[in-house]
Amino acid sequence: MNLSVRVIVETVNETGEVKSHSVISTKSVTSPCSLVDLGYRQTEQVEMLQHIQQALLDEQSCFLQENTPRCPRCNNKITRNGYVKSNFHGVYTDHKVSTRKQICLKCKWKSIPSIDSLFGSAIHPDLAKIQTEMGAKHSYRDAEKILTLLSSKKRSINNHERVKKTTECIGEYLSLSLGNDSSIESQAADKLCIQVDGGYVNTIEADKKRFEVMTAVIFDPEQIDYHGGQLKQDGAISTLRGKLTSKHCAASALADEQSYLKQAALESAIKQGMTKDTSMTAICDGADNCWNVINAIAPHCHDITRILDWFHIAMKFENLSLNNQTLREKTKRAKWHLWRGYPDRAIIRLEEIKNNLQEKKEQRKLTKLMNYIANNIECIIDYRQRQKNGMIFTSQLAESTVESLINQRCKRQQHMRWSRKGLHSLLQVRASISSNSWQEHWERYVGEAMLKTAA
Ligand SMILES: [Zn+2]
């Protein structure tokens, strides 16, 4: 017995009467020689979806018209005037959809709508979501390749320029809606941690090489996952980096004296549960622009403990790399004082070392380090005690937000160069995805972003 599997699309009315009937595919049932023969091939599946989707779209066509019962020009009654076809892009397939034309017989005013003019976009939100996530995670060209694989063929809607356009459109919407997000519902937190840090990316601007991008992350310091472990409490600084399981991120590539990041960080903190009663711990690398963001948060919480990031202190000592073995040992003593929260003693030690140095270059390094300590003296705490108490004092305990938000996407290839505007939009999407707000709200974001483009 030779069997076939037939896929049929039917249109039925409410009584079940078949109004139209078409065969989408007929596939004979054969014994599979290999896995390849098991079920439908990807191209066959996409082909069927193409027909099924088109059948529904054709039936929806009669509803697709401009909602103007009267002529907007002369108020005369308007008349149906046939159909016109326009593009529509679903997740896997592209379509031509008929929309109804209308005409005013008196003044000849015409309505010739398209899916784009009726809905603000010809891209289904499901596709826009996938394009945005792919564009946020991968280079736009890699995103194009992945999308081509998914729909089993090249589609011009998925070329890298279009993926970039969609991603930036959503990112721009997120950027503009800062401060108007009414969906903030969070559980009040007693204690939160904020880290602000900057990183550099290459620019497309002709006269510059790179520009600074800043990030902020607000998280619950009790919820760092070390692959099942707890916040590490003993031993030297761990090289193991945990994952922040409860956090909100913000990022900015704008040259606006941190005005955007201040607002975005504040909003992220509120989303993470910051209230007037919350005790905040701020960990920064010591740059003024980072502390500026912290200072903007300060009036909105109960108190802030400002801590100079131990990770950056340790890095600065490592970068000294003095030639003289004895003096190198002495720098360790200076670091030892910092570790116990005695910056004054550390500066005295460093001054002694500096006076024993011959090379101008090494002296300059020491001066720089002493200035760094002096400038941040209020934020140098007893790190050893904090570590004993299992409290956070370094950004190194957890994943780096600069790394995850910026570097992983922006430094994937050596030649990657960015405009501030394009990167800023992209970072808003990446921040939203890593704050878990994307999963919950993407449909609203995509819908409103697309509408806004049309207006
Ligand atoms: Zn008219």
Residue that is nearest to the ligand (Cβ to nearest atom), among those in region 51-74 that are part of a loop (DSSP other than H, G, I, E, B) and open to solvent by 80 Å² or more (accessible area, probe 1.4 Å): Arg73
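Condition (residue is in a loop (DSSP other than H, G, I, E, B), open to solvent by 40 Å² or more (accessible area, probe 1.4 Å) and more than 23 Å from His124 (Cβ to Cβ)) applied to region 75-84: is it met by at least one residue?
Filtering region 75-84 down to residues in a loop (DSSP other than H, G, I, E, B) leaves 75-76, 78.
Right, trim to open to solvent by 40 Å² or more (accessible area, probe 1.4 Å) and you get 75-76.
Add one more test, that the residue is more than 23 Å from His124 (Cβ to Cβ), and what stays is 75-76.
Looking through region 75-84, at least one residue is in a loop (DSSP other than H, G, I, E, B), open to solvent by 40 Å² or more (accessible area, probe 1.4 Å) and more than 23 Å from His124 (Cβ to Cβ).
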Conditions (1) under 25 Å from Val12 (Cβ atoms); (2) out of contact with any Lys or Arg (no Cβ under 8 Å at 6 or more places or on another chain): number failed by Cys62: (2)
Selection within region 9-29 - open to solvent by 80 Å² or more (accessible area, probe 1.4 Å), in a strand (DSSP E or B) and among the hydroxyl-bearing types (Ser, Thr, Tyr): Thr26
Selection count, region 30-50, where residues are touching a strand residue (DSSP E or B) at 6+ places or on another chain (Cβ under 6 Å) and open to solvent by 80 Å² or more (accessible area, probe 1.4 Å): 0
Matching entry among Ala374, Ala314, Ala334 (being open to solvent by 30 Å² or more (accessible area, probe 1.4 Å) and in contact (Cβ under 8 Å) with a residue 12 or more places away in the chain): Ala374
Given (1) farther than 24 Å from Asp288 by Cα; (2) modelled with pLDDT of 90 or more; (3) aliphatic (A, V, I, L, M), number of the condition Leu357 does not satisfy: (2)
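If I go through region 347-358 residue by residue, how many of them are open to solvent by less than 90 Å² (accessible area, probe 1.4 Å) and in a loop (DSSP other than H, G, I, E, B)?
2
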Every pair of residues 6+ apart whose Cβ atoms lie under 9 Å, when the first sits in region 56-73 and is without any contact (Cβ under 8 Å) to a residue 12 or more places away in the chain while the second is within 16 Å of the ligand (Cβ to nearest atom) and open to solvent by 60 Å² or more (accessible area, probe 1.4 Å): Pro69/Lys77; Arg70/Lys77
Residue in region 86-102 that is more than 45 Å from the chain's Cα centre (by Cα), over 19 Å from Glu59 (Cβ atoms) and within 16 Å of the ligand (Cβ to nearest atom) present: no
Per-region count, region 316-333, residues out of contact with any Asp or Glu (no Cβ under 9 Å at 6 or more places or on another chain) and of a type outside the set (Ser, Thr, Tyr): 9
Among (1) under 30 Å from Ala298 (Cα atoms); (2) assigned to a strand (DSSP E or B) - the single one Asn202 does not satisfy: (1)
Number of the exception - Met391 against (1) more than 30 Å from Thr215 (Cβ to Cβ); (2) touching a Ser or Thr at 6+ places or on another chain (Cβ under 8 Å): (1)
Subset of region 315-346 (residues that are farther than 19 Å from Lys361 by Cβ and part of a loop (DSSP other than H, G, I, E, B)): Arg340, Gly341, Tyr342
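One residue is enough: does region 294-305 have a residue meeting the conditions within 21 Å of Arg384 (Cβ to Cβ), of a type outside the set (Asp, Glu) and open to solvent by 20 Å² or more (accessible area, probe 1.4 Å)?
Checked region 294-305: at least one residue is within 21 Å of Arg384 (Cβ to Cβ), of a type outside the set (Asp, Glu) and open to solvent by 20 Å² or more (accessible area, probe 1.4 Å).
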Lys191 being away from the ligand (no atom under 16 Å from the Cβ) and touching a helix residue (DSSP H, G or I) at 6+ places or on another chain (Cβ under 8 Å): no
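The values are calculated or read from the model by the stated rules, or taken from the named source; none is laboratory data. Here the structure is a predicted model, which means the values were calculated and not measured. Every residue, glycine among them, receives a Cβ derived from its backbone with ideal geometry; neighbour counts consider all protein chains shown. Accessible surface areas use protein heavy atoms only, side chains included; no ligands, DNA or RNA. Shrake-Rupley method; radii C 1.70, N 1.55, O 1.52, S 1.80 Å.
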